[in-house]
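Enquirer: Got a structure here, written out as structure tokens. Questions coming.
The values are calculated or read from the model by the stated rules, or taken from the named source; none is laboratory data. Every value quoted in this text rests on a predicted model; they were computed, and no experiment measured them. Heads up, the Cβs are rebuilt from the backbone with ideal geometry, glycines too, and the neighbour counts pull from every protein chain shown.
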Amino acid sequence: MPELSSIKIEVERLSNILVKAEDCLDLGELNAKIQDLEQIIAQPTFWHNSVTAHQTLQEIQFLNAKKKQYQRSHSILADINAALELLEVTADEQLLQEAQANLTQLQRELETLEIQQLLTQPCDQKGAFLTITAGIGDVDAEDWAFILLKLYHRWALNHNYRPDVVAESDGDIAGIKYAVLEITGHYAYGCLKSEIGTHQLQRLSPFGADKNLKTSLASVEVSPILDESCDFDISQKDLEITLARAKGNVNRTKTWAQVVHLPTGITVFCDSDRSQMENKAKALAILKSKLWALMQAQGVNQISAIQPRQMKSLSNKLIREYILHPNTKVKDLRTLVQTTAVAEVLDGGIDLFIKAYLQQEHQTTVPSQ
């Protein structure tokens, strides 16, 4: 059976990846950390400090998830090998299909594991706020921004994250001018920081009768969802907070909140919650996240040291082209990775770009031996 030969070759490749992952993971150390945290949680004084308690619970949840992920991959690999042994002596189409399905699942599991091994920065394990802003222009740019919003929403769902649109400004005719997607789950920020920059779409415009070839731009910013361990404060004198006031129809209460950081000009608008206080708190959390990302990008330790003139350098850099006409191609301009599977990419299939970017960054930051 020719299928068996190809499956065996791929299984050997994946087995080697799993062995390398085991070396990096160090199950003995992982189990020891879990046991230490379990002892801390069992202490009667555990909840005296709710901030550290929640951080400890998040850490043990994360470690247990890593352990289960590794165990699940080992189990799938064992099932495939058992099926291959049976298929060597008897032809069984159903068993072959099961082995192929398990192989596909294992490929996805180990692709994710390989990406996670490249995420070693302090906030890589955190969730992410992803901000999409349509380029200045017309309805095509606003429609392109909405397409990107759907792309990242689909990517998040495909990776079992929880995506929530926490702010959105509709376009004049179609699409969006601006949106913030909150993606909750481990490693969301580490993966999506590869998306920071300007994304360019080339297609025949669906708007208007002439169907001209149109180039549209949208920028993407990504910053981590911070917890209480990030202990920097934003001075109240540097904030301008605007809250919606009900006008006319009191039965349609508006609850949006807008926060402006005056020194940098960063503006965050939030209208996803029914509670105005919740919207204000979310806007402040997004602002704090953006300021943290700026401090990291500029290599400074204080908000006051941020240089506003340098703020747009990252999000203004063109990083990827999506060409729908006259041919079809998506190309990353940093890694030069490209694919003709445009529909798959627009449906959230961007892991090939994420992995290539992280590998490139890893190679430039790790000194040669």
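Enquirer: Quick check on Leu87: is it among the aliphatic types (A, V, I, L, M), assigned to a helix (DSSP H, G or I) and surrounded by 13 or more Cβ atoms within 10 Å (Cβ to Cβ)?
Expert: For Leu87, the condition - among the aliphatic types (A, V, I, L, M), assigned to a helix (DSSP H, G or I) and surrounded by 13 or more Cβ atoms within 10 Å (Cβ to Cβ) - is met.
Enquirer: Does the stretch 39-54 contain any residue that is within 25 Å of Gln117 (Cβ to Cβ), out of contact with any Ser or Thr (no Cβ under 8 Å at 6 or more places or on another chain) and surrounded by 12 or more Cβ atoms within 10 Å (Cβ to Cβ)?
Expert: Taking every residue of the stretch 39-54 in turn, none turns out to be within 25 Å of Gln117 (Cβ to Cβ), out of contact with any Ser or Thr (no Cβ under 8 Å at 6 or more places or on another chain) and surrounded by 12 or more Cβ atoms within 10 Å (Cβ to Cβ).
Enquirer: Moving on. Could you please find all residues in the stretch 284-324 being touching a strand residue (DSSP E or B) at 6+ places or on another chain (Cβ under 8 Å) and surrounded by fewer than 16 Cβ atoms within 10 Å (Cβ to Cβ)?
Expert: Within the stretch 284-324, Asn316, Lys317, Leu318 qualify.
Enquirer: Among the listed residues Ala128, Ala174, Ala156, identify the single one that is over 21 Å from the mean Cα position of the chain (by Cα) and of a type in the set (A, V, I, L, M, F, W, C). Before you say what the answer is, go through the steps one by one.
Expert: On the way: Ala128 fails: over 21 Å from the mean Cα position of the chain (by Cα); Ala156 fails: over 21 Å from the mean Cα position of the chain (by Cα).
Sole residue among the options that is over 21 Å from the mean Cα position of the chain (by Cα) and of a type in the set (A, V, I, L, M, F, W, C): Ala174.
Enquirer: Follow-up question, since we're still on this one. Being among the aliphatic types (A, V, I, L, M) and part of a loop (DSSP other than H, G, I, E, B) is the filter here, so list the residues in the stretch 202-211 that pass it.
Expert: Result: Ala209, single match.
Enquirer: Does the stretch 114-164 hold any residues that are polar (S, T, N, Q) and surrounded by fewer than 19 Cβ atoms within 10 Å (Cβ to Cβ), and which are they?
Expert: The answer is Gln117, Thr120, Gln121, Asn158, Asn160.
Enquirer: So, one more: Please find, among Lys193, Lys214, Lys237, the residue that is farther than 13 Å from Leu130 by Cα and in a helix (DSSP H, G or I).
Expert: Being farther than 13 Å from Leu130 by Cα and in a helix (DSSP H, G or I) holds for just one of Lys193, Lys214, Lys237, which is Lys237.
Enquirer: Kindly provide the set of residues from the stretch 198-223 that are small (Gly, Ala, Ser), buried (at least 20 other Cβ atoms within 10 Å of the Cβ) and in contact with a Leu (Cβ under 8 Å, 6 or more places away or on another chain), ordered by number.
Expert: Ser216, Ala218
Enquirer: Do any residues in the stretch 154-174 that are part of a strand (DSSP E or B) have Cβ atoms under 9 Å from those of residues that are modelled with pLDDT of 90 or more and surrounded by fewer than 16 Cβ atoms within 10 Å (Cβ to Cβ), where the two are at least six apart or on different chains, and which pairs are they?
Expert: Arg162/Thr184; Pro163/Leu157; Pro163/Thr184; Asp164/Thr184
Enquirer: Can you tell me which residue among Ala134, Ala101, Ala78, Ala82 is more than 30 Å from Asp227 (Cβ to Cβ), at pLDDT 90 or above and assigned by TED's automatic domain parsing to the domain that holds Glu182?
Expert: After applying the criteria, what remains is Ala134.
Enquirer: Going through the stretch 64-112 one residue at a time, which ones are of a type in the set (Val, Ile, Thr) and more than 21 Å from the chain's Cα centre (by Cα)? Don't jump to the end; show me each part of the working.
Expert: Taking the stretch 64-112 as the starting set, the residues that turn out to be of a type in the set (Val, Ile, Thr) are 76, 80, 89-90, 104, 112.
Correct list: Ile76, Ile80, Val89, Thr90, Thr104.
Enquirer: Just for the stretch 236-253: of the residues that are at pLDDT 90 or above and among the polar types (S, T, N, Q), which one is surrounded by the most Cβ atoms within 10 Å (Cβ to Cβ)?
Expert: Residue satisfying both the conditions and the ranking: Thr242.
Enquirer: Let me ask another. Within the group Leu287, Leu291, Leu346, Leu333, which residue is in contact (Cβ under 8 Å) with a residue 40 or more places away in the chain, within 19 Å of Leu148 (Cα to Cα) and of a type outside the set (Ser, Thr, Tyr)? Spell out how you get there, then give the answer.
Expert: Working: Leu287 fails: within 19 Å of Leu148 (Cα to Cα); Leu291 fails: within 19 Å of Leu148 (Cα to Cα); Leu333 fails: in contact (Cβ under 8 Å) with a residue 40 or more places away in the chain.
Answer to the selection: Leu346.
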